[in-house]
Amino acid sequence: MKRVVVLGGGFGGAFTALGVARGLRAGEAEVRLIARENYLFFTPFCTEIVGGAMEVRHATAPLREILRGRASFLEAAVEKIDLEARRVETSAGPVEYDLLVIALGSATGTFGLPGIRENAHFMRTLPEAIAFRNRVIDCLEEGSRMPKSPERTARLTFAVVGAGPSGVELACDLRDLLNDLVPRQYPDIAPLEVNVKLFEGGDRVLPGMDSKLSWHAEKRMKKKGIDVRLETQIRGYNGREIALASGSFVRADTLAWTAGLAPNPVVAALDVPKDKGGRIQVDDFLRVNRHAEAFAIGDCAAFVQDGHALGPEGQVALQEARTCAHNVVAAIRGGLLHTFRFRRYGRLVSLGRRYAVTELFGLRFRGFFAWWLWRTAYLFRLPGIRNKVRVMLDWTLDLFFPRETIRIRYAGEHAVAMDAASAPTPASVKADRPL
Ligand SMILES: Cc1cc2nc3c(=O)[nH]c(=O)nc-3n(C[C@H](O)[C@H](O)[C@H](O)COP(=O)(O)OP(=O)(O)OC[C@H]3O[C@@H](n4cnc5c(N)ncnc54)[C@H](O)[C@@H]3O)c2cc1C
């Protein structure tokens, strides 16, 4: 029996493993999915978790349930891929393969700016989203008992860097959360004391979208009370102050970084042709160059279409997973491989409660209808009926009830101290380090 190994349990890996397993007859090959976590995280809901519009586990689906026994699952960290020996080194030992699919995603990049990695919050994984939400609630709790001072203002200032879809959605969901919570639950804080600032180096928000929609999004954000600062480059962050390229400083004790991408470290260590972003170059069939037995898809692969490499998007990973699964089955049976072609259906960006901007099948929408489209589109993409129902209930409850401020600390986790410099949260580590 051929051994098919799929690395990564995100959109690319999970749906390739499922597609291959579905396409094979019993006994034709053995399919194994390897991922660090035992769940698929639905990243478009990352900022909804921060905003408290959704229960944490509802944005995930168990990988074993997705595979439904058709393929086996190994929860382990991939440490090294040896393409010559056809072996993957993992934290659970070596795994040999005949056909390999690399779908390890990407990591957060910081352009080497000082202090960002140490002091900023990242927004790629579920634990990162939970940590950021907890940090926001901690800051409200502390800010409410601090005397009026520049320190209190800094504690109640939340900066978001990057005005791509993730940064814009985060700033909007965060502003909604604060607008909802502060007047109801924090009588010691005046609503105007709480600031959300969005920093963007370019001259508009949502640069990938139609310029009119970008303009509407910016206007909407300002109306919500977000301080949008365009053409503002960040030079570094020490946990207390954001250093701007202009030479000035902005005080903020919390900064969320959504601005950069870096290759997954395992992919970075792989000696194969890559693009300038460190993504694996693949051929028309999604195969790694010079390795017909290895495929790469999703954020860690650079598929060139019409002269441009496709961007790191969930819809790219999902479509690639379909073609990749077909090609793996075809490779096992000696059949014809399909060439991959990406079809863009649209772009959807939520601007918080009941408002979104959307491009769908060439049409542009904004407002409540766009937001309804946004929700419906993502609801359909969620795997499993249980998740769909849970998320639908979360959204319905969010329409009628205020958001909550429960901050669950896990055993061994500490609260942020009043003196942030001594606190063990990412935003306070090395807080006094000079920029
Ligand atoms: C906050 C946020 C919001 C987004 N919103 C949208 C959106 O609205 N629409 C859209 O189209 N795209 C969106 N994206 C982009 C989209 O999530 C990615 O393009 C997509 O997830 C890529 O799929 P993937 O399978 O390549 O990687 P991922 O989904 O990142 O999956 C990578 C998998 O590999 C695993 N892994 C990584 N390293 C190791 C290792 N060493 N060992 C074992 N396992 C490992 C990870 O745990 C994960 O399971 C968003 C991304 C983020 C971060």
Being among the hydrophobic types (A, V, I, L, M, F, W, C), at pLDDT 95 or above and touching a Lys or Arg at 6+ places or on another chain (Cβ under 6 Å): is that true of Val88 here? no
Take segment 290-320 and flag every residue that is part of a strand (DSSP E or B) and aliphatic (A, V, I, L, M). Ala292, Ala294, Ala296, Ala301, Ala302, Val304, Ala309
Log entry, pairs with first residue in segment 286-313 being closer than 20 Å to Arg344 by Cα, second being more than 16 Å from the ligand (Cβ to nearest atom) and assigned to a loop (DSSP other than H, G, I, E, B), beta carbons closer than 7 Å, six or more apart or on different chains, reads Gln305/Arg341
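With over 30 Å from Asn179 (Cβ atoms) and surrounded by fewer than 19 Cβ atoms within 10 Å (Cβ to Cβ) as the only criterion, which of Gly19, Gly27 stands out?
Details: Gly19 fails: surrounded by fewer than 19 Cβ atoms within 10 Å (Cβ to Cβ).
Exactly one residue qualifies, and that residue is Gly27.
Out of the residues in segment 233-263 that are within 16 Å of the ligand (Cβ to nearest atom) and either among the basic types (Lys, Arg) or surrounded by 22 or more Cβ atoms within 10 Å (Cβ to Cβ) (or both), which is farthest from Asp203 (Cα to Cα)? Break it down stepwise before answering.
Step one: list which residues in segment 233-263 are within 16 Å of the ligand (Cβ to nearest atom), which gives 255-263.
From what's left, either among the basic types (Lys, Arg) or surrounded by 22 or more Cβ atoms within 10 Å (Cβ to Cβ) (or both): 255-259, 263.
On the way: Leu255: 21, Ala256: 20, Trp257: 18, Thr258: 17, Ala259: 14, Pro263: 26 Å.
Here the answer is Pro263.
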For segment 249-272, name all the residues that are assigned to a strand (DSSP E or B) and in contact (Cβ under 8 Å) with a residue 24 or more places away in the chain. Val250, Arg251, Thr254, Leu255, Ala256, Trp257, Leu261, Ala262, Pro263
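The rows are residues; the columns are (1) buried (at least 16 other Cβ atoms within 10 Å of the Cβ); (2) closer than 16 Å to Asp176 by Cβ.
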| residue | (1), (2) |
| --- | --- |
| Val329 | yes, no |
| Gly334 | no, no |
| Arg341 | no, no |
| Ala356 | yes, yes |
| Leu363 | no, no |
| Trp374 | yes, yes |
| Val389 | no, no |
Which of the following residues is within 16 Å of the ligand (Cβ to nearest atom), of a type outside the set (S, T, N, Q) and touching a strand residue (DSSP E or B) at 6+ places or on another chain (Cβ under 9 Å): Trp371, Trp395? Trp371
Is there any pair linking a residue in segment 369-389 that is at negative phi to one that is assigned to a helix (DSSP H, G or I) and within 16 Å of the ligand (Cβ to nearest atom), with Cβ under 6 Å and at least six apart or on different chains, and which? Tyr378/Pro44; Pro383/Ile66; Lys388/Leu379
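Starting from residues that are more than 10 Å from the ligand (Cβ to nearest atom) and crowded, with 17+ Cβ neighbours inside 10 Å, keep the ones in segment 64-80 and report whichever is modelled with the highest pLDDT. Steps first, please.
Within segment 64-80, the first condition is being more than 10 Å from the ligand (Cβ to nearest atom), and the residues that meet it are 64-73.
Those left that are additionally crowded, with 17+ Cβ neighbours inside 10 Å: 66-67, 71, 73.
On the way: Ile66: 93, Leu67: 94, Ala71: 95, Phe73: 98.
That would be Phe73.
Determine whether Glu141 is of a type outside the set (Ser, Thr, Tyr) and closer than 30 Å to Asn289 by Cβ. Break it down into steps so the answer makes sense when it comes.
Working: of a type outside the set (Ser, Thr, Tyr): yes; closer than 30 Å to Asn289 by Cβ: no.
In short, no.
Would you mind stating whether Glu320 is assigned by TED's automatic domain parsing to the domain that holds Asp180, in contact (Cβ under 8 Å) with a residue 40 or more places away in the chain and either over 21 Å from the mean Cα position of the chain (by Cα) or buried (at least 18 other Cβ atoms within 10 Å of the Cβ) (or both)?
On the way: assigned by TED's automatic domain parsing to the domain that holds Asp180: no; in contact (Cβ under 8 Å) with a residue 40 or more places away in the chain: yes; either over 21 Å from the mean Cα position of the chain (by Cα) or buried (at least 18 other Cβ atoms within 10 Å of the Cβ) (or both): yes.
So Glu320 does not fit the description; no.
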Could you grab me the full set of residues in segment 106-141 that are surrounded by fewer than 23 Cβ atoms within 10 Å (Cβ to Cβ), within 13 Å of the ligand (Cβ to nearest atom) and assigned to a loop (DSSP other than H, G, I, E, B)? Gly109, Arg124, Thr125
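Considering only segment 336-348, I want to know if a residue exists there that is outside any loop (DSSP other than H, G, I, E, B) and at pLDDT 90 or above. It would help to see each step written out before you state the result.
Filtering segment 336-348 down to residues outside any loop (DSSP other than H, G, I, E, B) leaves 346-348.
If we keep only those that are at pLDDT 90 or above as well, we get 347-348.
Yes - at least one qualifying residue is present in segment 336-348.
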Going through segment 142-171 in order, the residues found to be aliphatic (A, V, I, L, M), touching a Cys at 6+ places or on another chain (Cβ under 9 Å) and within 16 Å of the ligand (Cβ to nearest atom) are Leu170
Restricting to segment 87-112, give me the number of residues that are more than 21 Å from Asn38 (Cβ to Cβ) and in contact with a strand residue (DSSP E or B) (Cβ under 6 Å, 6 or more places away or on another chain). 6
Out of (1) farther than 23 Å from Gly93 by Cβ; (2) near the ligand (Cβ under 10 Å from one of its atoms); (3) without any contact (Cβ under 8 Å) to a residue 60 or more places away in the chain, the odd one out for Gly27 is which? (2)
Filter segment 1-21 for residues that are of a type outside the set (D, E, K, R) and assigned to a strand (DSSP E or B); the one that is farthest from the ligand (Cβ to nearest atom) is Val4
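Mind checking which strands (runs of 3 or more DSSP E) fall wholly inside segment 169-248 and carry at least 3 residues that are within 24 Å of Arg117 (Cβ to Cβ)?
195-199, 234-237, 241-244
Can you find even one residue in segment 146-153 that is touching a strand residue (DSSP E or B) at 6+ places or on another chain (Cβ under 9 Å), crowded, with 24+ Cβ neighbours inside 10 Å and of a type outside the set (D, E, K, R)?
Kept after step one, since they are touching a strand residue (DSSP E or B) at 6+ places or on another chain (Cβ under 9 Å), are these residues of segment 146-153: 150-151, 153.
Applying the additional criterion that residues be crowded, with 24+ Cβ neighbours inside 10 Å yields none.
Checked against the condition, which is being touching a strand residue (DSSP E or B) at 6+ places or on another chain (Cβ under 9 Å), crowded, with 24+ Cβ neighbours inside 10 Å and of a type outside the set (D, E, K, R), segment 146-153 yields no hits at all.
The values are calculated or read from the model by the stated rules, or taken from the named source; none is laboratory data. Quick caveat: nothing in here was measured; it's all calculated off a predicted structure. We place every Cβ from the backbone using ideal geometry, glycine too, and count neighbours over all the protein chains shown.
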